[in-house]
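Working notes for the structure below.
The values are calculated or read from the model by the stated rules, or taken from the named source; none is laboratory data. Only a predicted model underlies this, so the values are computations on that prediction, with no experimental measurement involved. As a convention, Cβ positions derive from the backbone with ideal geometry for all residues, glycine included, and neighbour counts pool all protein chains shown.
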């Protein structure tokens, strides 16, 4: 009889202890857009590869806005820069311009943003441009800190094609993830014997995976 009482007491104690244990609440998973920038190509005949989290490289986005009085349309050009906090070299591409009524809304709507970028998968050719004109832009910074830019009026052959566009959103913002292939010359002003000149270098077989942020 004593054994039965002890067994019952142990069972009751175990039940009370189990009842007091708080179960861990696992929060629902949060959808996060995965952003992994990558660049490879030939710059001035030398093979180059920039990979996310290698040699300090990561992706940075920015915008250039040209605001005018409503009802005229304002313009915005979107940029993605593959840059490093350890070395000077970087590559940046931009595309624009998206037009919208800045007097009615602070920035283009999500529908306008998504439609603008999905439309560049159309087989129609994409041309080079420069702020605030529409088109594709390239900026390269060399190891000495010099900045080289593409030129919409370049006499050299230049090409560009977006091969992939994905519109995604999460708690941090709305993104256009892209893959673009391009070749072009980039230029920088210089002075030779007191006379303004312009140096140029080619970028060939370039492959850039990045994103634009609304």
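Among the criteria (1) within 15 Å of residue 210 (Cα to Cα); (2) part of a strand (DSSP E or B), the one residue 117 does not fulfil is (2). Residues in the range 58-103 that are crowded, with 20+ Cβ neighbours inside 10 Å and in a loop (DSSP other than H, G, I, E, B): 102 alone.
With respect to the conditions (1) part of a loop (DSSP other than H, G, I, E, B); (2) in contact (Cβ under 8 Å) with a residue 24 or more places away in the chain; (3) touching a strand residue (DSSP E or B) at 6+ places or on another chain (Cβ under 7 Å), residue 130 falls short on a single one, namely (2). If you go through the range 133-142 and pick out every residue that is part of a loop (DSSP other than H, G, I, E, B) and modelled with pLDDT of 95 or more, you end up with 1.
Of the residues making up the range 38-50, none is at pLDDT below 90, touching a strand residue (DSSP E or B) at 6+ places or on another chain (Cβ under 8 Å) and over 23 Å from residue 131 (Cα atoms).
Taken as a whole, the structure places residue 55 among residues that are at pLDDT 95 or above, in a loop (DSSP other than H, G, I, E, B), surrounded by fewer than 19 Cβ atoms within 10 Å (Cβ to Cβ) and in contact with a strand residue (DSSP E or B) (Cβ under 6 Å, 6 or more places away or on another chain). Per this entry, residue 108 is counted among residues that are surrounded by 14 or more Cβ atoms within 10 Å (Cβ to Cβ), assigned to a loop (DSSP other than H, G, I, E, B) and at pLDDT 95 or above.
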